[in-house]
1. Within the stretch 27-40, can one find any residue that is in contact with a Lys or Arg (Cβ under 8 Å, 6 or more places away or on another chain), surrounded by fewer than 17 Cβ atoms within 10 Å (Cβ to Cβ) and not in a loop (DSSP other than H, G, I, E, B)?
2. Considering the stretch 132-143 alone, what residues qualify as being modelled with pLDDT of 90 or more and either among the charged types (D, E, K, R) or surrounded by fewer than 16 Cβ atoms within 10 Å (Cβ to Cβ) (or both)?
3. Does the stretch 11-18 contain at least one residue that is assigned to a helix (DSSP H, G or I) and closer than 30 Å to ARG142 by Cα?
4. Please determine, by comparing only the residues of the stretch 43-63 that are in contact with a strand residue (DSSP E or B) (Cβ under 7 Å, 6 or more places away or on another chain) and not in a strand (DSSP E or B), which one is surrounded by the most Cβ atoms within 10 Å (Cβ to Cβ).
5. If the Cβ limit is 8 Å and pairs must be 6+ apart or interchain, which residue in the stretch 1-17 that is on the phi > 0 side of the Ramachandran plot pairs with which residue that is at pLDDT 85 or above and part of a strand (DSSP E or B)?
6. Which pairs do you get when a residue that is closer than 14 Å to GLU128 by Cβ and polar (S, T, N, Q), found in the stretch 150-177, comes within reach of a residue that is surrounded by 12 or more Cβ atoms within 10 Å (Cβ to Cβ) and modelled with pLDDT of 95 or more, reach meaning Cβ atoms under 6 angstrom, with the pair 6+ apart or on two chains?
7. Considering only the stretch 111-131, state which residues are of a type in the set (Gly, Ala, Ser) and either within 15 Å of LEU166 (Cβ to Cβ) or surrounded by fewer than 11 Cβ atoms within 10 Å (Cβ to Cβ) (or both).
8. Of (1) within 18 Å of the chain's Cα centre (by Cα); (2) under 30 Å from ALA161 (Cβ atoms), VAL51 satisfies all except one. Which?
Amino acid sequence: MTTTAPPEQRISFPVTGMTCAACQARVQRALRAEPGVSDATVNLVTNSAAVVYDSATVTPQRLIDAVRATGYDASLPVLGLPGSALLRLAAEAGLRPVEEGFADRRYRADGTLTPRTEPDALLTGTDEVVAQALRLATGTGRVASLCLHGDTPGAVSLANAVRAALDDAGVPLAPFV
């Protein structure tokens, strides 16, 4: 019987609090010292870490703990629906909850997504997708991440229309990580 090694995983996450090259080197050494880590690069300019690791040996949480042990912070973002149990649990676990909205999905009155098994769950018209994106990005329940699924028919042209509408509305686009 042959066994295959678990695939190497790659993860990138923000590291906050670093102010100099010595800080960057300290975090990088700590990550590289973790069993199962085959490579770790910490970037002071982008305040981020990129790690290649064996998922059978080390977990993303252990990598975050290694960074925190050096005196800096690394919080993996967890994306979810605003007000969801997932985001509440992520916050309780010390991870960074990020509210995500879907430009191309219909919502129910309670704020949950209409299941894809129901008719009209997917929004495909440019006007309705753009209008929803603007509501999600500028409304009272503003989201930090806006998703448009790549498998939505016309996804590329929809994404271009959403981008143009957000630019026209003066909505700043920036990474949340």
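1. Looking for residues that are in contact with a Lys or Arg (Cβ under 8 Å, 6 or more places away or on another chain), surrounded by fewer than 17 Cβ atoms within 10 Å (Cβ to Cβ) and not in a loop (DSSP other than H, G, I, E, B), one finds at least one in the stretch 27-40, hence yes.
2. Filtering the stretch 132-143 for residues modelled with pLDDT of 90 or more gives 132-138, 143.
Within the stretch 132-143, ARG135, THR138 meet the criteria.
3. Taking the stretch 11-18 as the starting set, the residues that turn out to be assigned to a helix (DSSP H, G or I) are none.
No, there is no match, as no residue in the stretch 11-18 is assigned to a helix (DSSP H, G or I) and closer than 30 Å to ARG142 by Cα.
4. Within the stretch 43-63, the first condition is being in contact with a strand residue (DSSP E or B) (Cβ under 7 Å, 6 or more places away or on another chain), and the residues that meet it are 47-55, 58, 60, 63.
From what's left, not in a strand (DSSP E or B): 47, 55, 58, 60, 63.
Numbers: ASN47: 17, SER55: 13, VAL58: 18, PRO60: 16, LEU63: 23.
The selected residue is LEU63.
5. Qualifying pairs under 8 Å: GLY17/ASP73.
6. Here the result reads THR152/ASP104, each pair linking the stretch 150-177 to a residue that is surrounded by 12 or more Cβ atoms within 10 Å (Cβ to Cβ) and modelled with pLDDT of 95 or more.
7. Going through the stretch 111-131, the residues of a type in the set (Gly, Ala, Ser) turn out to be 111, 121, 125, 131.
Across the stretch 111-131, the qualifying residue is only ALA131.
8. (2)
The values are calculated or read from the model by the stated rules, or taken from the named source; none is laboratory data. Computed from a predicted model, the values in this text were never measured in an experiment. Reconstructed Cβ throughout: ideal geometry from the backbone, glycine too, with neighbour counts over all protein chains shown. Protein only, heavy atoms only, side chains kept; ligands, DNA and RNA dropped before computing areas. Shrake-Rupley method; radii C 1.70, N 1.55, O 1.52, S 1.80 Å.
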